[in-house]
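Participant: Can you read through this structure? Questions will come right after.
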Amino acid sequence: MTDGEGLVRPDVDEAGAETIARECYGLIATASELGSNQDRNFLLTASDGTRSVLRIDNPVFGDDARDAQHAALDAYRAAGVAVPAVLPGLDGALTQRWGGFGARRSEFAEGEPLVDAGYLAPIVLAEFGALAAASVNALAALTHPGLDRAQMWDMRVAHAQTVALAPAIADVGLRARVLAAAEEARGALAAVEAELPVQPIHGDLTDDNVMGRRGADSRLHPHAVLDLGDLGLGWRVAELSVCASSMLHHEAERPLRVLDTVAAFHAQAPLSVPEARAVWPLVVLRASLLVASGWRQLEIDGANDYARERIAGEQAIFDAATLLPLAEMTEHVLARIGFDAPTFVAGRDESVSLAPLLPDLDGDVVAVDLDVESAALDEGRWLAPDAETDLIATHLDYGATVVVPYGLFRLTRAAIDSADAAATWPLDTEIHVVAGPRLRITAPLEGELRVQGGVLRLHLRDAWVLEIGGAQAPRKSKTTVRKGDTIGVLAASDEPRTLTVGLRRSDAPPLTSSSSGAVLVAPERVPAWSRFTADPAPLLGLPSFTQQDDAREELERRNRIFAAAQERYYERPPQIQRGWRHHLVDTTGRAYIDMVNNVAGLGHGHPKVAAAANRQLRTLATNSRFLFRELAEYSEALLALMPDDSDLDTVLLVNSGSEAVDLALRLAQAATGRRTVVALREAYHGWTMASDAVTTSAYDNPSALATRPDWVHVADVPNRFRGTYRGEDTADRYLADLADDLEDLQRDDRDVAAFLCESILGNAGGVLLPEGYLAGAYAQVRAAGGLCIADEVQVGFGRMGSSFWGFEQSGVIPDIVTIAKPMGNGFPIGGVITSKRIADSLATQGQFFSSAGGSTLSCAVGLAVLDAMVEDDLQRNALDIGARLADGLRGLATRHPLIGVVHGEGLYLGVELVRDHASMEPAAAEAAAICERLRELGVIVLTTSERSNVLKIKPPLCLSAQSADHVVAMLDRVLAEGW
């Protein structure tokens, strides 16, 4: 059967299925239909709850085909591929006869269906590719007469089947698209089909025929292979293409993600070059046939709800398969699995001008740098709509010819607050020439000249074409030209003029040209277009600037030199080379919203901080032992930020938060003459010996609680959401426990030197302390003779919005305050603020000094940061945007049960994810996966807390309302679509 006729499903209903189960299998069961295009499938549930599946085959399938499927199941099991077993009937036969139909009963495959799973992560896409490879490897040696059968889903007849079934597509426009795509794919296959290996294949190894199982990462992973109804001989590569096509509808607007499936298949079942070239034409043919077949099925079996429900998904597959040109997708496949592309080799002209193209050009030739690290685009200039034209005009004003190179990612084209990367990689070189007289354009090499659509196309050797836009063809032009012949002119003009020069393979698909310059493509399309194009610079007498994303190589380089203990973010980290305000930009010009860099409190690249550091480095670089004005000036500015009624009047400057906490502990022990420090459970305070000693977070050190030194006592953490006591009115109970701890310590002759606590539980994700807790704790500790240390390294410096310091939220005044992260906006500054009495106690242990703490440079930077915070009104912004962001996140919690609670205030927030609101089981794996997905959508968010199930949100304080709204929208999308 290959013409679509005879596909009406067997006339068996649920009552009939129950009869078959009883008469053929001796099973009393309830049947419910599962759905199928051409057969009937029923779920059988026995009285004891056990389940199995009954399949009623379409009459077109014979016993040989069924027996071949049974042999294939054996081959799969032998290869370790999970498949449900076929269960024999009462007579011991695997195939039973009932009402003229063949029936089989199989084990029920436990798991979840993948077809409706929404978004599939890269690892899941790869696992499907590996499964398809396991399938062809398992079936390669299988022989059986039932394998050699004609059937419509054999991709060798997909084009003919599509043409035969297409008249059923009632949408005329869609029908035309399907037929055109199928015809183009058929043409591409014709060049390689004779070299495609044929073997037994599953033929329908799709997300609809693979049962999923939840992994430790919370994602649904492919597990058991189902439904061998399309088993037969076919092109080996068709197994991959059919599988890959079914991945497309999970994110139809991003078909290139499916290359993970292709690469994983190739790793276990290596593709030949002809097979690699066949992958995408077969994807397109499969998609075309799905659409045509779906419409045809409804035409002949209108009551088939299963087929009706699949129509939209099948069209989504087709739309995705044809979203990008077929030739481009084929080149992506070749690039991803490492096959070489044709290259253009040009001898380098010895000139350093544009003489090979514009021999009469006068003046200098200047290349304009628009890439991600360009100094000309500092201070956010890259966001200006006219950034490119202004830079070009600056050089044109001096009479220079300006070249904007091919293949150099343009920061000026980056898009902020976007789920998708913008087109930033140019396929052409732009040449901007000052106003002036007519100029000759000459051929850099010999070739055949043609003029098409106003573009000069010089066909060179080896099927490469030099395209020149913005030129005029001469009145009399030669067809065959030699190097140096005139091939066009640049018209005289009172305004600057622009030429675009591109070097393309003759088989490159057409792209819509830009009327004002080069054609650009998004970073994900560069692997193909860097093969279709080449840098024309060597032909023009220019140096080459071309670049590609080298994040993978940079990661390998870092892994070679980094210690295993050093942290890094993401499974596939982007290479970040620029930041501006609350945006990060990678080397391809992809912009991300930065929701985690609280060190850059002002935002990235703040011009006043950069200017202050630059000025200071040009004048003096020395340490705090010398007398200079800025040290006292900066210290006084910090003290002015403390509460008016406090005795916090002394500053000690260091380099980091870890050093600040370390120093604070030394001060407390020196001032009290005691050693014991009370620290809260689940806290992080730093990495030095002393600050690590009071770090109790099992997230940072799984053995933390068991390995604290004897001078550290760990008290219970007053987490209102997840602590020992939960809810708003819990302060008294936590304080009672703390009082017991202090009494126990006193009885053991371990008098307390200090109580150390973050004013807001930052490591937990911005959890606010129960009302009255911190005031009560301070009172108890002071009554016991200890000092109170507020760790403000993360939560201070205006981040709370309603107050400058976190401890002000609790209405307390600490004895010692530790500060750091945002003090230098990326420059390493930390500090301790305390009373002179406490600070002077350090003298009993010798002199204090920090080489860079309080240096001329750190003071200059610190002062600039404080000034900028006031000028930019960042504390107010933290209050307003923080409230807006928190409201948005709490709104998501009403729609997405994975969100347990939104912690925090201002711009220190935490979204705690739980699998169950009653048990509050942490959704740590989900949190990690969601962060990976948000990165794909242009949002940088990471996890925190003891259980790693909180999305920490502590962005630069300049976060805009637009970006905050975008973050909420993207999280909403991820929670709705999956991760």
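The values are calculated or read from the model by the stated rules, or taken from the named source; none is laboratory data. Every value quoted in this text rests on a predicted model; they were computed, and no experiment measured them. Every residue, glycine among them, receives a Cβ derived from its backbone with ideal geometry; neighbour counts consider all protein chains shown.
Participant: Residue by residue through the stretch 474-500, note down the ones that are buried (at least 17 other Cβ atoms within 10 Å of the Cβ) and aliphatic (A, V, I, L, M).
Facilitator: VAL481, ILE487, LEU490, LEU499
Participant: Would you please list the contacts, defined by Cβ atoms under 7 Å and residues six or more apart or on different chains, that run from a residue in the stretch 853-877 that is within 15 Å of VAL609 (Cβ to Cβ) to a residue that is β-branched (Val, Ile, Thr) and not in a loop (DSSP other than H, G, I, E, B)?
Facilitator: What qualifies is VAL861/VAL609; ALA864/VAL609; VAL865/VAL609; ALA868/VAL609.
Participant: Could you grab me the full set of residues in the stretch 470-506 that are within 37 Å of the chain's Cα centre (by Cα) and outside any strand (DSSP E or B)?
Facilitator: Once the filter is applied, which keeps residues that are within 37 Å of the chain's Cα centre (by Cα) and outside any strand (DSSP E or B), the stretch 470-506 yields only SER506.
Participant: Of all the residues that make up the stretch 368-403, how many are part of a helix (DSSP H, G or I), touching a residue at least 24 places away in the same chain (Cβ under 8 Å) and farther than 15 Å from THR424 by Cβ? Spell out how you get there, then give the answer.
Facilitator: Within the stretch 368-403, the subset part of a helix (DSSP H, G or I) is 375-377, 381-383, 387-396.
Now restrict to residues that are touching a residue at least 24 places away in the same chain (Cβ under 8 Å): 377, 382-383, 387-388, 392-393, 395-396.
In the following step, the residues that additionally are farther than 15 Å from THR424 by Cβ were identified as 392-393, 395-396.
Matching residues across the stretch 368-403 total 4.
Participant: Quickly run through the stretch 442-469 and pick out the residues that are farther than 22 Å from SER353 by Cβ, in contact with a Leu (Cβ under 8 Å, 6 or more places away or on another chain) and either acidic (Asp, Glu) or in a loop (DSSP other than H, G, I, E, B) (or both).
Facilitator: Within the stretch 442-469, just GLU448 meets the criteria.
Participant: Restricting to the stretch 700-722, name every residue that is touching an Asp or Glu at 6+ places or on another chain (Cβ under 7 Å) and either of a type in the set (A, V, I, L, M, F, W, C) or surrounded by 19 or more Cβ atoms within 10 Å (Cβ to Cβ) (or both). First the steps, then the outcome.
Facilitator: To start, the set of residues in the stretch 700-722 that are touching an Asp or Glu at 6+ places or on another chain (Cβ under 7 Å) comprises 713, 715-717, 720-721.
Scanning the stretch 700-722 gives HIS713, ALA715, VAL717, ARG720, PHE721.
Participant: Residues in the stretch 660-667: is at least one at pLDDT 95 or above, surrounded by fewer than 21 Cβ atoms within 10 Å (Cβ to Cβ) and not aliphatic (A, V, I, L, M)? Steps first, please.
Facilitator: Our first condition is that a residue be at pLDDT 95 or above; within the stretch 660-667, this holds for 660-667.
Filter again for surrounded by fewer than 21 Cβ atoms within 10 Å (Cβ to Cβ), leaving 666.
Of the ones still in play, those that are also not aliphatic (A, V, I, L, M) are 666.
The answer is yes, given that some residue of the stretch 660-667 is at pLDDT 95 or above, surrounded by fewer than 21 Cβ atoms within 10 Å (Cβ to Cβ) and not aliphatic (A, V, I, L, M).
Participant: Another question, then. Would you mind telling me which numbered condition in (1) more than 42 Å from the chain's Cα centre (by Cα); (2) in contact (Cβ under 8 Å) with a residue 24 or more places away in the chain; (3) surrounded by fewer than 18 Cβ atoms within 10 Å (Cβ to Cβ) ILE56 fails?
Facilitator: Only one criterion in (1) more than 42 Å from the chain's Cα centre (by Cα); (2) in contact (Cβ under 8 Å) with a residue 24 or more places away in the chain; (3) surrounded by fewer than 18 Cβ atoms within 10 Å (Cβ to Cβ) is unmet by ILE56, namely (3).
Participant: Among the residues of the stretch 901-924, which ones are at pLDDT 95 or above and of a type in the set (A, V, I, L, M, F, W, C)?
Facilitator: If the condition is that a residue be at pLDDT 95 or above and of a type in the set (A, V, I, L, M, F, W, C), then VAL901, VAL902, LEU907, LEU909, VAL911, LEU913, VAL914, ALA923, ALA924 are the ones that fit.
Participant: Something else now. Would you say ARG175 is buried (at least 17 other Cβ atoms within 10 Å of the Cβ) and without any contact (Cβ under 8 Å) to a residue 12 or more places away in the chain?
Facilitator: On the way: buried (at least 17 other Cβ atoms within 10 Å of the Cβ): yes; without any contact (Cβ under 8 Å) to a residue 12 or more places away in the chain: yes.
Taking the combined requirement at face value, the residue satisfies it.
Participant: Within the stretch 787-900, considering only helices (runs of 4 or more DSSP H) that don't extend past its boundaries, which have at least 2 residues that are at pLDDT below 95 and within 21 Å of HIS582 (Cβ to Cβ)?
Facilitator: Counting at least 2 such residues, we get no helices (runs of 4 or more DSSP H) at all.
Participant: Mind telling me which of the residues GLY89, GLY129 ends up being crowded, with 19+ Cβ neighbours inside 10 Å, in the same structural domain as ILE28 (by TED's automatic domain parsing) and either on the phi < 0 side of the Ramachandran plot or touching a Gly at 6+ places or on another chain (Cβ under 7 Å) (or both)?
Facilitator: Working: GLY129 fails: in the same structural domain as ILE28 (by TED's automatic domain parsing).
It is GLY89.
Participant: Given the conditions (1) farther than 17 Å from ARG799 by Cα; (2) in a loop (DSSP other than H, G, I, E, B), report the number of the one that ALA753 does not fulfil.
Facilitator: For ALA753, the exception is condition (2).
Participant: Take VAL694 and decide whether it is over 31 Å from the mean Cα position of the chain (by Cα), farther than 17 Å from LEU842 by Cβ and surrounded by fewer than 21 Cβ atoms within 10 Å (Cβ to Cβ). Break it down stepwise before answering.
Facilitator: Values: over 31 Å from the mean Cα position of the chain (by Cα): yes; farther than 17 Å from LEU842 by Cβ: yes; surrounded by fewer than 21 Cβ atoms within 10 Å (Cβ to Cβ): no.
No, not satisfied.
Okay, residues lined up against (1) of a type in the set (Asp, Glu); (2) surrounded by fewer than 16 Cβ atoms within 10 Å (Cβ to Cβ); (3) more than 22 Å from MET595 (Cα to Cα); (4) assigned by TED's automatic domain parsing to the domain that holds GLY906:
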| residue | (1), (2), (3), (4) |
| --- | --- |
| THR844 | no, yes, yes, no |
| SER851 | no, yes, yes, no |
| LEU866 | no, no, no, no |
| GLY882 | no, no, no, yes |
| LEU885 | no, no, no, yes |
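Participant: Any residue that is polar (S, T, N, Q), under 28 Å from GLU921 (Cα atoms) and assigned by TED's automatic domain parsing to the domain that holds LEU665 - is there at least one of those in the stretch 738-746?
Facilitator: If we filter the stretch 738-746 for residues that are polar (S, T, N, Q), which is where we start, we get 746.
In the following step, the residues that additionally are under 28 Å from GLU921 (Cα atoms) were identified as none.
Within the stretch 738-746 (the criterion being polar (S, T, N, Q), under 28 Å from GLU921 (Cα atoms) and assigned by TED's automatic domain parsing to the domain that holds LEU665), the answer is no, since none of the residues qualifies.
Participant: Can you tell me which residues in the stretch 406-423 are closer than 15 Å to GLY938 by Cα, touching a Leu at 6+ places or on another chain (Cβ under 6 Å) and surrounded by 23 or more Cβ atoms within 10 Å (Cβ to Cβ)?
Facilitator: Those that are closer than 15 Å to GLY938 by Cα, touching a Leu at 6+ places or on another chain (Cβ under 6 Å) and surrounded by 23 or more Cβ atoms within 10 Å (Cβ to Cβ): none in the stretch 406-423.
Participant: Within the stretch 947-969, is even one residue modelled with pLDDT under 95, crowded, with 21+ Cβ neighbours inside 10 Å and either polar (S, T, N, Q) or not assigned by TED's automatic domain parsing to the domain that holds SER802 (or both)?
Facilitator: yes
Participant: Additional query: PRO509: surrounded by fewer than 19 Cβ atoms within 10 Å (Cβ to Cβ), modelled with pLDDT of 95 or more, more than 26 Å from the chain's Cα centre (by Cα) and part of a loop (DSSP other than H, G, I, E, B), yes or no? Before you say what the answer is, go through the steps one by one.
Facilitator: Details: surrounded by fewer than 19 Cβ atoms within 10 Å (Cβ to Cβ): yes; modelled with pLDDT of 95 or more: yes; more than 26 Å from the chain's Cα centre (by Cα): yes; part of a loop (DSSP other than H, G, I, E, B): yes.
So PRO509 passes the test.
Participant: In addition: In the stretch 23-32, what residues are over 13 Å from THR45 (Cβ atoms) and either among the hydroxyl-bearing types (Ser, Thr, Tyr) or touching a strand residue (DSSP E or B) at 6+ places or on another chain (Cβ under 8 Å) (or both)?
Facilitator: Just the residues of the stretch 23-32 that are over 13 Å from THR45 (Cβ atoms), to begin with: 23-26.
Matches in the stretch 23-32: GLU23, CYS24, TYR25.
Participant: From HIS917, HIS896, grab the single residue that is out of contact with any strand residue (DSSP E or B) (no Cβ under 7 Å at 6 or more places or on another chain), more than 30 Å from GLY605 (Cβ to Cβ) and not acidic (Asp, Glu).
Facilitator: Details: HIS917 fails: out of contact with any strand residue (DSSP E or B) (no Cβ under 7 Å at 6 or more places or on another chain).
The unique qualifying residue is HIS896.
Participant: Which residues, taken from the stretch 887-908, are over 21 Å from ALA976 (Cα atoms) and either buried (at least 23 other Cβ atoms within 10 Å of the Cβ) or out of contact with any helix residue (DSSP H, G or I) (no Cβ under 7 Å at 6 or more places or on another chain) (or both)? Quick ask: steps written out before the conclusion?
Facilitator: Here is the first cut: in the stretch 887-908, the ones over 21 Å from ALA976 (Cα atoms) are 903-908.
Residues satisfying the conditions are HIS903, GLY904, GLY906, LEU907, TYR908.
Participant: Which one of the conditions (1) closer than 20 Å to ASP872 by Cα; (2) surrounded by fewer than 20 Cβ atoms within 10 Å (Cβ to Cβ); (3) of a type in the set (Gly, Ala, Ser) does GLY603 fail to meet, given that it meets all the rest?
Facilitator: (2)
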